[in-house]
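Have a look at the structure below before the remarks.
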Amino acid sequence: MTRQLRLRGLPATVAVCAAAATAPLLTGCGTADEPRVTAAAPSAPGTATASPRRTTRDQAERKALIQATEIPWDKAAGTAVAGVRDGRLTEIELRWARPTVASPGAGPRTPEWDTAVAAPDGTLHTVRVDAVSGQVTESRVDPGQDQDDKRELTARLAAATVTPRQAADTATGRTKGTVTALQLDDAVWSVDVVTTGDWNKTTYDVDARTGKVVRRHVDRD
């Protein structure tokens, strides 16, 4: 509100006009019965209008994939491990299912959990779980495994005292979001967490022996 100035000894109309000289917001003056006109306050210099944040292709893909998924990682992992006697999860990743022979066309995409499960002797099995129905769509032994590969994997699993669940809980305890991938990589569990809203992916490397976070990386693309 513009403060009205009163100048001693001058008529009301003259006083208002005189005040206009010292009040740059006034653009005109008149009689006491006429309204005074004020100019709009200018915008602060350098102020820019905020524009909507652009979603990248990868962010849009994560959003579509997660929103199409109904089965969480831990439930899919339990289904996959149950199919391999005394098996242990070594990797799980959410991705779009590949076209099948029955439906080779470009129909609606279906999300799936692509998992790797190790048998006690180190034999690695690929198990795919439908991320909507929770059903196993494929289970097979990975080809080309030799005894050295199996021994190395068995030793890595024996040294990993931190479970996949504990590693995932550590990651989501720091970044609230959806776990989309988890992998035993040498001596760490690598966990991907996607946050809703911005759909960024944060990767945590959790020491498979101590449970401590040794690395954190945010993918904002």
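Brief remarks on what is shown
- Cα-based shape type of the range 82-221, given that a ≥ b ≥ c are square roots of the gyration tensor eigenvalues and the cut on a/c is 1.5: oblate
- Measuring nothing but how far apart in sequence close Cα pairs (under 8 Å, 6+ apart) lie, relative to its length, the range 181-221 scores a relative contact order of 31 percent.
- Available extension along the chain between K150 and R95 is 17.2 nm, counting 0.36 nm per residue and deducting the alpha carbon span.
- The slack in the chain from V141 to H217, taken as 0.36 nm per residue of separation less the alpha-carbon distance, amounts to 24.1 nm.
- A Cβ-based charge dipole, computed about the Cα centre of the range 126-221 with Lys and Arg at +1 and Asp and Glu at -1, lands at about 420 debye.
- The simple spin-label model puts a point 7 Å past each Cα toward its Cβ; for A68 and A187 those points are separated by 4.0 nm.
- Residue-span extension gain [A159 to K176] - 0.36 nm each, minus C-alpha spacing: 3.3 nm
- Relative contact order of the range 82-221, defined on C-alpha pairs under 8 angstrom at six or more residues apart (%): 17
Values in this text are rule-based calculations from the coordinates and carry no lab data. If you're wondering where the values come from, they're calculated on a predicted model, not measured in any experiment. When we count neighbours, we look across all protein chains shown, and the Cβ atoms used for this are built from the backbone with ideal geometry, even at glycine.
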